[in-house]
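Asks: Structure incoming, see below.
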Amino acid sequence: MADAAPTAERGVTRRVFFALWPDAATAAGLHARARALHAECSGRAMRRDTLHLTLAFVGNVPQDGIARLEHVAAEVRGAPFVLELDQLGAWHRNRILWTSASSAPQALVALADALALRLREAGFVLEDRAFAPHITLVRNARAAPMAQTCPVLRWPVASFVLVVSEPTPAGARYRVLGRWPLSCK
């Protein structure tokens, strides 16, 4: 008599986070910015398919926790907005170069706050630090960028996503598990 194959492995977790995921035009603009910073500062430019703005890093979640995360996301309300990316920066200790908005839209901050609140209410543990909206462009940079401002890249944001990070020999592969629209209602 053959043993029945298990439907799911016990203890398997998935590394997940909520993010803003750029449309094709925004991703192309961000990738061009990453390549320019890489040329100036060396390091490893992020792949176009990995560029995002993290709203809430959840971490390792059991497979059955994904449905709970999707339920939380469905309860979050937020208005669409335009993110004007006009600033460059570096975290020297981590050797990361990033871009951000010199002034974060209130709708972005409200979305991140609402999501964090709902996640905590649902029993998820989040890092206890201030929300610092940014998009990582280069890792392992050897220097900081010469300029701290750059031409404005306008990113129209109309939704947020739940993403799973899957390790591969070539680095993490991100896969969108779900998308929730932002609306004025």
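Asks: With everything on Cα atoms, drop me the angle between helix 63-75 and the longest principal axis of the chain, reported from 0 to 90° to the nearest 10.
Replies: 60
Asks: Let me ask something additional. In a shell of Cβ-Cβ distance under 10 Å around residue 139, excluding residue 139 itself, what net charge do Lys and Arg (+1) and Asp and Glu (-1) give?
Replies: Surrounding charge for residue 139 is +2.
Asks: Using a 10 Å cut-off on Cβ atoms, rank the peptides 77-89, 171-183 from the highest mean neighbour count down.
Replies: Highest-to-lowest ranking by the protection proxy: 77-89, 171-183.
Asks: Can you find, among 91, 53, 143, the residue farthest towards the positive end of the dipole of region 40-153? Put +1 on the C-beta of Lys and Arg, -1 on that of Asp and Glu.
Replies: Toward the positive end, the furthest listed residue is 143.
Asks: Relative contact order of the chain, please, whole-number percent, based on alpha carbon pairs below 8 angstrom and at least 6 residues apart.
Replies: Over the chain, the number comes to 32 percent.
Asks: At a Förster radius of 45 Å, what calculated FRET efficiency corresponds to the Cβ-Cβ distance of residue 12 and residue 48, to the nearest 0.05?
Replies: 0.95
Asks: Next question, about the same structure. If a paramagnetic tag sat 7 Å from the Cα of residue 142 along the Cα-Cβ line, which residues of region 21-60 would have the backbone N under 19 Å from that point?
Replies: Within reach of a label on residue 142, which here means backbone N under 19 Å from a point 7 Å along Cα→Cβ, region 21-60 contributes 34-46.
Asks: So if we plug the beta-carbon distance of residue 75 and residue 129 into 1/(1 + (r/R0)^6) with R0 = 30 Å, what FRET efficiency do we get, rounded to 0.05?
Replies: After rounding, the FRET efficiency stands at 0.80.
Asks: Tell me, what is the per residue accessible area of the chain in Å², probe radius 1.4 Å?
Replies: Ligands and nucleic acids excluded, the result is 58 Å² per residue.
Asks: Also, quick follow-up: To the nearest 10 degrees, how steeply does helix 106-121 sit against the main Cα axis of the chain, on a 0 to 90 scale?
Replies: 30
Asks: With +1 on each Lys and Arg Cβ and -1 on each Asp and Glu Cβ, how big is the dipole of the chain about its Cα centre, in debye rounded to the nearest 20?
Replies: The calculated dipole for the chain is roughly 460 debye.
Asks: Additional query: So what is the 222 nm mean residue ellipticity for the chain from helices alone, if each DSSP H run of at least 4 adds -39500 (n - 2.57) and you divide by all residues, rounding to the nearest 500 deg cm²/dmol?
Replies: Calculated at 222 nm, the ellipticity per residue is -8500 deg cm²/dmol.
Asks: Here is a follow-up. Extension gain residue 94-residue 158, at 0.36 nm per residue separation less the Cα-Cα distance, in nm?
Replies: The residue 94-residue 158 span can extend by a further 20.0 nm.
Asks: A follow-up question, please. Treat the chain as a sphere of radius equal to its Kirkwood radius over Cα pairs and apply Stokes-Einstein at 37 °C in a medium of 0.692 mPa s; give the translational diffusion coefficient in µm²/s, rounded to a whole number.
Replies: Approximately 186 µm²/s, per Stokes-Einstein.
Asks: Separate question: Please give the helix 24-41 orientation as an angle from the longest Cα principal axis of the chain, in degrees from 0 to 90, rounded to the nearest 10.
Replies: Here the helix axis deviates by roughly 60 degrees.
The values are calculated or read from the model by the stated rules, or taken from the named source; none is laboratory data. None of these values were measured; they are calculated from a predicted model. Cβ: placed from backbone, ideal geometry, glycine included. Neighbour counts: every protein chain shown. When the accessible area is computed, the model is the full protein with side chains, heavy atoms only, and any ligands, DNA or RNA have been set aside. Shrake-Rupley method; radii C 1.70, N 1.55, O 1.52, S 1.80 Å.
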